[in-house]
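Worksheet: one structure, shown below.
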Amino acid sequence: MMTIAIFAGAVVMGAALWRVVRDTRAGSVAVTIAALCYCIVLMLAAMRFCGYLPAVDDLLTNNALGYIKNYLGNNLQVLLSAIIVVVNAFVACSIWWRMPLRWFVAIVVAGFLLLGCAMSLFTSTSPLVTLFGSCCAFMAAVGYALGLTYKEFCVIGNNYVQAGLVAASALWLVVESWLVVKRQPSLASWLAAALSSLLLWAYGKVFWVICTTYPLPLEAAFDQCVKDLYHLADIWHTTYYHVNIIVYVVGFVGAIGSNMLALWLQRKLWGKWPAVALMALHLLVMASVAMSWPYVTTLLA
């Protein structure tokens, strides 16, 4: 495992250095820095799993990491090695070919979702349950690599980072929308700019509410978040597993995907009104979800 991690990291870093040597623009520098951070995390994970660095010994973390082991048994080592090779080969090729960020993210997310659901082939449980287990194992593994417990990294990754990324995508959409107004002023572009500003305000508010509702310490924030998710599952008449998938997978991917699609549409001559319709639908879905969010229902009680 250690040898494979070193080789995979070297391939990714080599592609990034090749790109920045040929092109020193800001995008290439950012890619190289991101590749370096990625390789550091990969190496930390391999060293902790191999026992060369101290690692957290937490029951919940071990249970989350054990999800995949329960599905695959003795095939775990082989599959993990294969995944490391395939993923890093794809990352290196995407850097070499200068793949647009939106396509890279889309392929990675789609691949993870398909792999998580495919785990159901090794067990009698449903694809959604194995996807949930794969998400838990991924969060636990990244947290493990960084020296954090499963609870700590779940709060940081699921609550703070995901909400921040969605808000950042909304900010990008706002900037693009107002640039379109400046270049091509029209009723559709003005409406798109107004709706995108409303989306940014809404997601900024969501980010602020999450940070104030689930503050430090991280352990307490995790426990409160789990309590709210169970409450939400009761409201939606579903299970805890499903509500996690809805909020942290479907909701997160859907929000960023919608913002990026609206951004792309506005760059097309025919896409102004479709972008307006998409953002209006986005806001409507947000309002519907917000009315059943435990924090909102508490405020309205």
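The values are calculated or read from the model by the stated rules, or taken from the named source; none is laboratory data. Remember, predicted model here, so these are calculated numbers, not experimental data. In this analysis, Cβ positions are derived from the backbone assuming ideal geometry, glycine residues included, and neighbour counts consider all displayed protein chains.
Structural remarks
- Qualifying residue in the range 117-128 (condition: crowded, with 16+ Cβ neighbours inside 10 Å, in a helix (DSSP H, G or I), outside the structural domain of I246 (by TED's automatic domain parsing) and touching a residue at least 24 places away in the same chain (Cβ under 8 Å)): yes
- Scanning the range 260-301 for residues that are within 30 Å of H231 (Cα to Cα) and not in a helix (DSSP H, G or I), we see that the one that is modelled with the highest pLDDT is M291.
- Pairing residues of the range 59-70 that are over 12 Å from F138 (Cα atoms) and at pLDDT 75 or above with residues that are among the β-branched types (V, I, T) and not in a helix (DSSP H, G or I), at Cβ distances under 8 Å and at least 6 apart in sequence or on separate chains, gives L60/T149.
- So V155, is it in the same structural domain as H282 (by TED's automatic domain parsing), closer than 30 Å to L65 by Cα and buried (at least 21 other Cβ atoms within 10 Å of the Cβ): yes
- Only listed residue being within 30 Å of T213 (Cβ to Cβ), free of Cβ contacts under 8 Å to residues at least 12 places away in the same chain, part of a helix (DSSP H, G or I) and not acidic (D, E), chosen from V161, V109: V161
- The single condition from (1) outside the structural domain of V206 (by TED's automatic domain parsing); (2) outside any loop (DSSP other than H, G, I, E, B) that A188 fails is (1).
- Of all residues in the range 11-26, those satisfying the criterion of being in contact with a helix residue (DSSP H, G or I) (Cβ under 9 Å, 6 or more places away or on another chain) and either among the small types (G, A, S) or touching a residue at least 40 places away in the same chain (Cβ under 8 Å) (or both) are V11, V12, G14, A15, A16, W18, R19.
- Selected residue (only one of W178, W201 is modelled with pLDDT of 90 or more, over 23 Å from N158 (Cα atoms) and of a type in the set (F, W, Y)): W178
- Only one entry in I40, I84, I4 is at pLDDT 75 or above, among the β-branched types (V, I, T), surrounded by fewer than 18 Cβ atoms within 10 Å (Cβ to Cβ) and assigned to a helix (DSSP H, G or I), namely I40.
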